[in-house]
1. Go through the range 39-84 and report how many residues are closer than 20 Å to PHE117 by Cβ and part of a strand (DSSP E or B).
2. Can you give me the number of residues within the range 100-136 that are surrounded by 13 or more Cβ atoms within 10 Å (Cβ to Cβ) and among the small types (Gly, Ala, Ser)?
3. Restricting attention to the range 90-127, report how many residues are in a loop (DSSP other than H, G, I, E, B), in contact (Cβ under 8 Å) with a residue 24 or more places away in the chain and within 23 Å of ILE26 (Cα to Cα).
4. For ARG47, state whether it is out of contact with any Pro (no Cβ under 8 Å at 6 or more places or on another chain) and touching a residue at least 12 places away in the same chain (Cβ under 8 Å).
5. Of the conditions (1) open to solvent by less than 80 Å² (accessible area, probe 1.4 Å); (2) assigned to a loop (DSSP other than H, G, I, E, B); (3) closer than 18 Å to TYR21 by Cβ, VAL87 satisfies every one except a single condition; which number is it?
Amino acid sequence: LWDNYDGVDDRYKYRIRIYNYSDKVIKLEKKGTLHGLKTKESCVITRQQYEQIIQDEEVEYDRGSQSLLERFLTEKSYQLFEPKVIVEYTRTPYVYSAGNVRVTFDRKILSAPPDDFFRKDIPVRPVLADGMGLLEVKYDEYLPGAIREAIGVGNSIHRISFSKYAMCREHSVI
């Protein structure tokens, strides 16, 4: 969090991601910023591995087959990682194949305490005013002209840095 606030360029965070409160797919992700570019790698973990991580127990896994999990566990042990906040939001995604463009609209961005990840009735706090949302445009190779025009690049829209994680930490429910 402090690296984000201080504008440290080379930084990363780990997160665990689920969809719709389900344990069918649980992803461990490492998201980073390196020289202004975003990076992300992920692996799927089981509900049992998730519980072992959260309860600070020995995590069972196949050595070598889950290298991201192995790196996470090593770093967790010496950096004393612990859950800080749950970031919840409603996303509407769109994909444009030219340039591998992903446009997402995130609404109802909510902060929740790092309690039971799978509980639907966890106490939440909104981080944006009613009706506000976040438009994200991500692309790999280039931003096609049609997308550039549609979102008004060069007009009144400009790029800003926004971290849902940082906002949710600021608005966390304790």
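The values are calculated or read from the model by the stated rules, or taken from the named source; none is laboratory data. Nothing here was measured: the structure is a model prediction, and the numbers come from that model. Neighbour counts run over all protein chains shown; Cβ positions are idealised from the backbone, glycine included. Just so you know, the surface numbers come from the protein's heavy atoms only, side chains and all, with ligands and any DNA or RNA stripped out. Shrake-Rupley method; radii C 1.70, N 1.55, O 1.52, S 1.80 Å.
1. So the count comes out to 5.
2. Result for the range 100-136: 3.
3. 10
4. Taking the combined requirement at face value, the residue satisfies it.
5. (2)
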